[in-house]
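Here is the structure we will look at, set down as structure tokens.
Read-outs: derived from the displayed coordinates by stated rules, not from any lab. For clarity, every value in this text was computed on a predicted model and none was experimentally measured. Virtual Cβ from ideal backbone geometry, glycine too; neighbours counted across all protein chains shown.
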Amino acid sequence: MNQSAQGLSLHPLRAELYNELHSRPFQVIPCPARVTHIALLTSDAQRQAQFRHFQQLHELMGATPPQRDTSCQEQRFGSLRVRREMHMEFASYTFIQEASEKGEPFRETGISGLPPGWLDQLSGEVVAAFHLDLQQVDDNAEEDLARVRPWFEGMRLVGSSPQEGSARVWGSFQLHSDGFGRFLVLNRQLSDSQLGRLTQRILEIETYRLMSLLALPLARNMSPSLTDMDRQLAGITQTLAENQAVDEQEILTRLSHIAARIEAFRAQSTFRFSATRAYHRLVLARLEELREDELSGHLTIREFMTRRLTPAVKTCESVADRLEDLSRRIDRASELIRTRVDLAIQNQNQELLASMDRRSRIQLMMQHTVEGLSVVAISYYLIGLLKYGLDAAYQAGLPFNKSLALGIAIPLVLALVYLSVRRIHRRFLTLARKERSGREGT
């Protein structure tokens, strides 16, 4: 860990945390100027390819290429400035062509000074691509709409006067014939640094607007499936509410299938919907910073975004909420089914126990019967053995009445056998009670 001159321990990320706040400074843009901004969805592999491509631009323009890739890099090539910024999921390139004199808007753009073919080889999927033309105006009157409209190919315009009327901004928020969007900034009294901050806000508003809309097609594609699953779940819940006889296994299988589809949708959309909410908050924050006024009765940029962008974001949020709601309802329905299954199992167990109790009583009755028969059988064999003994004694010359002795012995043998069997029975019962008490104690 680093030590300061005063001997204090410094966190290893301290310098990085300080530099983070200054890693993307506002640009200072003189007027007039042409600006082109491009934002591309970029993977890790494409980021490395983009950095090598950025180094190639330095070589083609006769400059020393950077050796380390950072979150924000800017290089001037004569009157052309190129700024490359890396974000969480996209990379942005801003090309600023400083103009020495006022010209017709959009005839020359920020990418006009790039080497031929270099831009075509830029890797990544383009999401945002638009031109800004910065023009200096001296009059206090609003630009004649009839002159502005042809520069936007007759498209419907959105206009505002940000920074308390210090500039005027026109835009269509549509793609034009060259595949790029267009904004026209007419500067009245903004300084170069103020114009740079205004330009940066416009770039971020348009970029974040388009990034936030990436979730809208996904939300629209998911909505029919969610409606179908909602209908299936409602039917299952209604069946359970009416306490109808159902096949619990079949319903659990259906619920598991719906739950799997919901989790697949959530895995596919969670990041995209979260990103949409974050981008939308950034757009609203940048709109607040514009402090714009209405221009010539046209929709302001804030009004346009509120009217067009916010409903799209709300649609995405609604689909995300439906996903969470369906997931919770499936969990509750599954719990109901499991409760029904548990109750059914308990009823079966009770019936099984009752059946076992009946069988036990029958077995006990049979056991008593067998015990009675066993007393008779054992006594019969014992008396037979006793008879052999009496015969042997009588033949040996002992004087006694053999028949009388055998008759007296019969009840005594029966009593002795009966008492012995009962004693053995009580002993086994005592052992069984002790074993059951031991199990209940543990």
Task: Additional length obtainable on full extension of the chain from ARG52 to ALA354, 0.36 nm per residue less Cα span - done: 100.7 nm
Open item on the list: Can you tell me which of LEU213, LEU290, LEU431 moves the most in a GNM of the chain? Springs connect C-alpha atoms under 10 Å apart.
Closed with: LEU431
- [ ] Pick out, in residue order, every one of the trypsin sites (Lys or Arg not before Pro) in segment 11-98 that is DSSP loop and has at most 15 other C-beta atoms within 10 Å; say none if there are none.
- [x] ARG68
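Neighbour counts of other C-beta atoms within 10 Å: give me CYS72, CYS31, CYS316 arranged from fewest to most.
Values: CYS72 13, CYS31 20, CYS316 26.
With the sparsest Cβ surroundings first, the list reads CYS72, CYS31, CYS316.
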TODO: In whole angstrom, note down how far apart the Cα centers of segment 378-432 and segment 68-95 are.
DONE: 115
TODO: Output the relative contact order of segment 359-432, whole-number percent, from Cα pairs under 8 angstrom with separation of 6+ residues.
DONE: 39
- [ ] Give the order of HIS176, HIS257 when sorted by the count of other beta carbons within 10 angstrom, beginning with the fewest.
- [x] HIS257, HIS176
- [ ] Averaging sequence separations of C-alpha pairs under 8 Å and six or more residues apart, then dividing by the length of segment 67-188, give the relative contact order as a whole percent.
- [x] 19
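Remind me, relative contact order of the chain in percent, using alpha carbon pairs under 8 angstrom and six or more residues apart? Intermediate results must be reported in sequence, preceding the final value.
On the way: 493 pairs, mean separation 60.4, N = 442.
Rounded, it is 14 percent for the chain.
In segment 47-131, which GluC sites (Glu not before Pro) fall in coil by DSSP and have 12 or fewer other Cβ atoms within 10 Å?
For GluC sites (Glu not before Pro) across segment 47-131 that sit outside H, G, I, E and B with at most 12 neighbouring Cβ atoms in 10 Å, the list reads GLU101.
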Task: For the chain, built as a Gaussian network whose Cα springs stay under 10 Å, the top-fluctuating residue of ALA320, ALA267, ALA405 - done: ALA405
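Can you list the GluC sites (Glu not before Pro) in segment 268-323 that are in a DSSP coil and have 13 or fewer other beta carbons within 10 angstrom?
Details: sites: GLU288, GLU289, GLU292, GLU294, GLU303, GLU317; in loops: GLU292.
Taking segment 268-323 and a limit of 13 other Cβ atoms within 10 Å, no loop GluC sites (Glu not before Pro) are found.
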Task: Additional length obtainable on full extension of the chain from GLU435 to SER9, 0.36 nm per residue less Cα span - done: 146.5 nm
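For ALA396 and GLN189, calculate 0.36 nm times their separation in residues minus their Cα-Cα distance, and state this gained length in nm to one decimal.
59.4 nm
Could you give the longest part of the chain that holds none of the chymotrypsin sites (Phe, Trp or Tyr not before Pro) found in DSSP loops with at most 15 neighbouring Cβ atoms within 10 Å?
Working: sites that count: PHE26, TRP118, PHE400.
So the longest stretch without any such site is 119-399.
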